[in-house]
Amino acid sequence: MQKMFTLIVFCFFLMSCGITSQAPVTTYYLLDAEPLAQKQKVTSARIKLEKINIPDYLSTNQLVMRDSGHILIKASYHSWADSLDDAIQRALLNDLNNLNEQSEFVGWCSGCDSISVTIEHFYPAAEGTLLLSGFFELYSKDGETKLFRFQLVNNLSTDGYANAVKQMREQVGTLAAQINHAL
């Protein structure tokens with residue numbers, strides 16, 4: 001009887017080894033989930049927003065968080081819905097067009113002034129802050145160049161990637177206001 005009981009327990013043990021838990025469902029985030037309607041502008045002043053330059057660690061579809069010190073962690077089940085550089089460019093174009101009445105901001109034009117944005121850091125940190133830093137350059141048609149550095153640090157209002165993405169979008173809006181002010 002005891003051998004039979006041991007055999008049954010052993011069989012249940014073997015069956016439980018074969019059962020695996022399912023991985024959590026991946027959540028996808030849009031940086032520019034709520035774009036404002038673009039106003040129709042009657043202007044010939046166009047400014048090109050170049051493709052946004054981001055570091056390699058942000059070129060992945062995974063959200064990134066700074067754990068502590070120099071450690072960056074890529075989220076396993078939290079991803080961007082599309083490339084972060086494209087999403088930042090769309091958000092900046094949307095914000096700049098709504099902030100500035102005199103100029104139309106576009107992704108491409110020939111022979112017009114342009115803006116180049118380089119993001120060096122863009123992530124939430126485990127200690128509850130959010131960082132967006134880098135620089136932007138303004139290029140005029142006559143060859144004049146101006147360089148501006150930015151570093152935006154905010155406290156995260158609540159935990160979680162959904163809130164971090166919402167506040168990251170707000171930081172991009174603040175960057176758009178700085179670019180507009182520099183024009």
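The values are calculated or read from the model by the stated rules, or taken from the named source; none is laboratory data. Since this is a predicted model, take the numbers as computed values, not measurements. No Cβ is skipped: glycine too gets one built from the backbone with ideal geometry, and neighbour counts run over all protein chains shown. Protein only, heavy atoms only, side chains kept; ligands, DNA and RNA dropped before computing areas. Shrake-Rupley method; radii C 1.70, N 1.55, O 1.52, S 1.80 Å.
Quick notes on this structure:
- Some residue of the range 141-152 being more than 21 Å from residue 37 (Cβ to Cβ) and in contact (Cβ under 8 Å) with a residue 60 or more places away in the chain: no
- Just one of the listed residues (92, 131, 96) is touching a His at 6+ places or on another chain (Cβ under 8 Å) and of a type in the set (A, V, I, L, M, F, W, C), and it is 131.
- Residues in the range 28-81 that are acidic (Asp, Glu) and surrounded by 13 or more Cβ atoms within 10 Å (Cβ to Cβ): 2 in all.
- Some residue of the range 103-113 being among the β-branched types (Val, Ile, Thr) and in contact (Cβ under 8 Å) with a residue 24 or more places away in the chain: yes
- Residue in the range 37-45 that is at pLDDT below 85 and under 17 Å from the mean Cα position of the chain (by Cα) present: no
- Test: residue 32 is among the acidic types (Asp, Glu), on the phi < 0 side of the Ramachandran plot and at pLDDT below 90: yes
- Residue check for residue 116: over 24 Å from residue 153 (Cα atoms), more than 13 Å from the chain's Cα centre (by Cα) and of a type in the set (Ser, Thr, Tyr): no
- Within the range 53-67, the set of residues being touching a strand residue (DSSP E or B) at 6+ places or on another chain (Cβ under 8 Å) and modelled with pLDDT under 95 comprises 57, 58, 60, 61, 62, 63, 64, 65, 66, 67.
- Strands (runs of 3 or more DSSP E) (entirely within the range 88-177) containing at least 3 residues that are open to solvent by 20 Å² or more (accessible area, probe 1.4 Å): 113-124, 129-139, 145-155
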